[in-house]
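Here is the structure we will look at, set down as structure tokens.
Derivation of every value follows stated rules applied to the coordinates shown; laboratory data play no part. Quick caveat: nothing in here was measured; it's all calculated off a predicted structure. We place every Cβ from the backbone using ideal geometry, glycine too, and count neighbours over all the protein chains shown.
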Amino acid sequence: MRLATQQTFDRCAFALLCFLTFIPVLIIPFYLFTDNANFMLTSANEPAFSNISMNISVQFFAMFDIAGNLSLILLVLYLIHEAVLRRPLNLKMQPWLIALIGVLIFSVIATLAAFDVGFAWRGSSYRHDGLYTYLHIAGAFGCAFMLKSKALKLCLLKLFCLSVSITCSISFFQLFEVQLILEKFTSSRASVFYQFNHFAYFLVMGITVSLLLMLLDTSKKTRIIAGVLAAIQIFTLANNNTFGGFLAVLAVSIFLPFFLTSVKKKFSVTYLLPVVMVLAITFASSLGSFLVNIEQLYRDSDNLTDNSGSGRWIMWKTAFWAITERPIIGYGPEGVAWVFESHGLTNDRPHNEVLQYAASIGIPGLICYLSALILLFRRFWQRRKYSDPVLLTAACVVIAYFVSSLVGNTMYYTTPFFFMFLGLVAGDPQIKTSS
């Protein structure tokens with residue numbers, strides 16, 4: 001282990017994160033050239049919502065499984081390496097890491113206390129969001145955390161932007177009703193993902209990266225390319241018609257001028273470009289859908305019913321009930337699906353990750369999760385004037401995803417990217433350096 005260098009870990013972590021980033025692209029040939037007979041079918045003894053038949057390639061989860069296992073192994077080797085060199089993690093200077101470790105600990109406790117431990121460990125065949133995937137997410141966070149090369153970090157951001165843009169091409173073919181694409185990618189407006197709202201979570205992160213590269217990259221060529229890709233991604237999100245995703249992108253676009261002015265100590269009119277792009281492209285491509293969403297939001301806020309928020313209100317109420325029933329240990333990862341089924345709901349999630357974590361791993365686990373985000377953002381804000389474009393971009397992605405998560409779900413193929421960006425923020429030397 002003494003022969004390994006930081007450069008070695010940088011290269012290995014970068015390679016694994018690149019593989020993770022391009023899985024949504026790598027799955028495209030499997031969708032195109034694999035017969036439906038080889039697609040994964042759901043298992044028995046699962047909540048009814050999970051036990052549905054969809055054209056989902058088994059290779060999709062398999063690739064995330066490989067990336068997760070390898071990243072977890074690399075994280076363990078990195079921790080051993082640091083211990084051998086007598087450079088253990090300084091948890092006193094990084095309290096957010098203590099909080100994240102707390103999330104894992106309460107996740108383990110919730111899994112062991114779940115009604116079906118096996119189900120809590122592996123997750124459903126649809127979501128694969130059990131403790132097993134939580135460990136993979138920890139591996140993705142760890143790889144990003146150990147990555148120190150600024151050049152490799154910047155390259156990773158550009159590759160992520162490219163990956164999101166390629167998945168947009170599938171959505172374009174769906175939009176223009178190309179027959180081959182419609183036959184193979186059967187979930188409307190969802191590109192390679194199972195549901196269109198899942199694709200929206202991915203787009204929110206991609207758009208944020210593209211907009212920040214457009215504003216902050218030192219290369220004019222890169223800024224132009226990033227601007228074009230951002231426009232393509234915003235157009236795709238507008239036609240995806242996930243209102244929560246739009247609100248998240250709009251929120252971070254409005255936040256950017258104030259944020260960047262605070263960082264740079266100088267206002268630039270270019271900081272207004274993201275919000276102009278988001279509004280102009282959205283209105284030009286799907287004004288009708290946007291107005292319908294606004295009208296529905298107004299009606300829901302004026303008169304709350306079980307169907308308010310596309311049915312979210314009844315799901316949130318049921319999630320609150322579940323939290324009061326088991327506030328400390330929760331129902332285990334994915335365990336809330338059984339609660340929803342017992343209440344006659346046709347969904348398996350509350351469509352709010354805060355409520356989901358509280359119901360799944362208990363209120364203490366949720367407190368650890370929120371504490372990690374608050375502590376990390378507080379530290380980032382204190383050091384923002386020293387931040388480089390990579391750190392600023394990763395921090396904005398974390399903010400954008402968190403906003404979207406207030407009306408969204410975790411999924412094995414979207415949540416790891418959020419924690420990857422969180423790891424980039426947490427592992428930055430400027431964040432870990434004392435004032």
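Could you calculate the contour length gain from SER262 to VAL276, that is, 0.36 nm times the residue separation minus the distance between their Cα atoms, to one decimal place in nm?
Length difference between fully extended and current span is 3.0 nm.
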Using the Karplus curve 6.51 cos²θ - 1.76 cosθ + 1.60 with θ = phi - 60°, what ³J(HN,Hα) values do you get for each residue of region 232-245, in whole Hz, with x for Gly and Pro? 4, 5, 5, 4, 5, 5, 4, 7, 5, 6, 9, 5, x, x
Which label marks the calculated value of mean projected area of the Cα convex hull in nm², given the options [x] 34.2; [y] 21.3; [z] 29.3? [y]
With +1 on the Cβ of every Lys and Arg and -1 on the Cβ of every Asp and Glu, the dipole magnitude of region 83-157 about its Cα centre, in debye rounded to the nearest 20, is 520
Using a Förster distance of 25 Å, the FRET efficiency for PHE115-ASN69 (Cβ separation, nearest 0.05): 0.40
Can you give the local net charge around LEU131? Use residues other than it whose beta-carbon is closer than 10 angstrom to its beta-carbon, Lys and Arg +1, Asp and Glu -1. -1
Specify which residue in the list VAL339, LEU175, PHE258 is farthest towards the positive end of the charge dipole of the chain, using unit charges on the beta carbon of Lys, Arg (+1) and Asp, Glu (-1), about the Cα centre. PHE258
In whole angstrom, the spacing between the Cα centers of region 362-409 and region 186-218 equals 18
Hand me the tally of lysine pairs in the chain: alpha carbons under 15 angstrom apart, and the pair either on different chains or 8 or more positions apart. 9
Likely footprinting exposure, LYS153, LYS317, LYS184, fewest C-beta neighbours within 10 Å first: LYS317, LYS184, LYS153
Extension length gain for ASN90 and SER342 (0.36 nm per residue less Cα distance), in nm, is 86.2 nm
Please rank GLU177, GLU334, GLU353, fewest neighbouring Cβ atoms within 10 Å first, as an exposure proxy. GLU177, GLU353, GLU334
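Which of TYR201, TYR78, TYR331 comes first, and how do the rest follow, when ranked by fewest Cβ neighbours within 10 Å? Walk me through the numbers on the way to the answer.
Working: TYR201 28, TYR78 21, TYR331 24.
Going from least to most buried by this count: TYR78, TYR331, TYR201.
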